[in-house]
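Input: a single structure, listed below in structure tokens.
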Amino acid sequence: MSAEPTTPEKKGWFARLREGLSKSSRRLVDGISGLFVKRRLDAATLEELEDLLITADLGVETAAKLTANLAREKFDKEVTGDEVRAAFAADIAEILAPVAVPLEPREVPNKPFVVLMVGVNGSGKTTTIGKLARQWTGAGKKVVLAAGDTFRAAAIEQLRVWGERTGCPVIEKPHGSDAAALAYDALVEARARGADVLLVDTAGRLQNKAALMDELAKVIRVLKKQEPDAPHATVLVLDGTVGQNAHQQVKAFREMVDVTGLIVTKLDGSARGGIVVALAQSQGLPVHAVGVGEGADDLRPFEPRAFARSLMGIEE
Ligand SMILES: Nc1nc2c(ncn2[C@@H]2O[C@H](COP(=O)(O)OP(=O)(O)OP(=O)(O)O)[C@@H](O)[C@H]2O)c(=O)[nH]1
Ligand SMILES: [Mg+2]
């Protein structure tokens, strides 16, 4: 695990985000600098800018919006690359602001607050559960973890390790058990222990999509049997390196379950961080947090201004 302090000061965090997004921003910074060596903003340059934003995964709609705003302010005027990046960062922060909603376990009449984690295999569900467990236990909450990915033996072991690391009990059943039965028992057990939060892990891949859909539906059904409002949050975890494929994943999971928010992982080292902006624009789902590393403290609240400026390679 990382040796850095658990509460790095803001500057440290910003520097890390910027470093994490450097592969994404490099392309934009170089591209924009290449277009502007102090010259007038003309139609051809605007078109090239729009293409550049699309290539950086920000999406067609966002690219059009950003360049249209820029044209309104600066068409036929002399602009520098720095001015263009600052203008884009300001607009991007505005697009992101409404979706930046932290995931806070609410006080519910019948504890615990139940969070169901969904997402394709390898997206970072189990790791994100560990990170949230660290955050929330640190805030004084009693957290219980449910090893709902009963499909893979290693998945149960992985969650057990996170349980030990964060001091949270892990409710599990032998590999191959019914995931819904596990979820049911976990809620009973979490209640008995007076937990504030129950974090339920799920399998990312089963034999096929229909099997996954059935399993998730069944897990939700049995949770509701005990608590009609559960799960109180259904978080879709997305791998921030997959780029445009994230759109299909959101669509597929929204067809299966009532996704209430997103967490985007692996933004450290992703060249495709622009996808977060495209998702904000097209899906309108809350983005709760972003993952910037594999350690327990590497989950950060989603901050629109910091994210937008990092993406555009702007120093704080
Ligand atoms: N660099 C980096 N790696 C991450 C991040 N989040 C998760 N990972 C790594 O990604 C890999 C997959 O993460 P898991 O948490 O196992 O993903 P999962 O969604 O539970 O996968 P399945 O259980 O197979 O469905 C692991 O090696 C994690 O350490 C992140 O924010 N940054
Ligand atoms: Mg997992």
Inter-label distance for ARG254 and GLU104, nm, one decimal - labels placed 7 Å from Cα along Cα-to-Cβ: 2.6 nm
Coil-residue GluC sites (Glu not before Pro) of the range 56-109, DSSP, other Cβ within 10 Å capped at 15: GLU107
Gain upon complete extension [GLN244, ALA90; 0.36 nm per residue less C-alpha separation]: 53.1 nm
Under-15-angstrom lysine pairs by C-alpha in the range 113-303, whenever the two are 8 or more apart or on separate chains: 6
GLU215 - accessible surface, heavy atoms, 1.4 Å probe, Å² rounded to 10: 50 Å²
The range 10-99: relative contact order as a whole-number percent, Cα under 8 Å and 6+ apart: 35 percent
Crossing angle, helix 43-55 versus the chain [Cα axis fit, 0-90 degrees, rounded to tens]: 20 degrees
Per residue value of the accessible surface for the chain (all protein chains in place, 1.4 Å probe), Å²: 43 Å²
Interchain or long-range residues, amide H under 5 Å from VAL287's placed H: ALA100, VAL101, LEU262
Rounded to the nearest 10 Å², the accessible area of ARG152 at probe 1.4 Å: 110 Å²
Contact order relative to length of the range 264-316, as percent, for alpha carbon pairs under 8 angstrom and 6 or more apart: 31 percent
Solvent-accessible area of LEU212 with every protein chain in place, 1.4 Å probe, in Å² to the nearest 10: 10 Å²
Pairwise label distance in nanometres, ALA181 with MET213, each label 7 Å out on the Cα-Cβ vector: 2.6 nm
Phi to ³J(HN,Hα) by Karplus 6.51 cos²θ - 1.76 cosθ + 1.60 over the range 276-282, Hz, x for Gly, Pro: 4, 5, 4, 5, 4, 5, 8
Separation between Cα centres of the range 190-266 and the range 11-63, rounded to whole Å: 33 Å
Most to least accessible of ARG300, ARG39 (protein chains only, probe 1.4 Å): ARG39, ARG300
With Cα atoms, 0 to 90° folded angle of helix 209-226 axis to the chain main axis: 60 degrees
Relative contact order [Cα under 8 Å, 6+ residues apart], the chain, whole percent: 28 percent
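The values are calculated or read from the model by the stated rules, or taken from the named source; none is laboratory data. Just so it is clear, the structure is predicted and the values come from calculations on it, not from any experiment. With ideal geometry, Cβ positions are generated from the backbone for all residues, glycine too; neighbour counts draw on all protein chains shown. Accessible surface areas use protein heavy atoms only, side chains included; no ligands, DNA or RNA. Shrake-Rupley method; radii C 1.70, N 1.55, O 1.52, S 1.80 Å.
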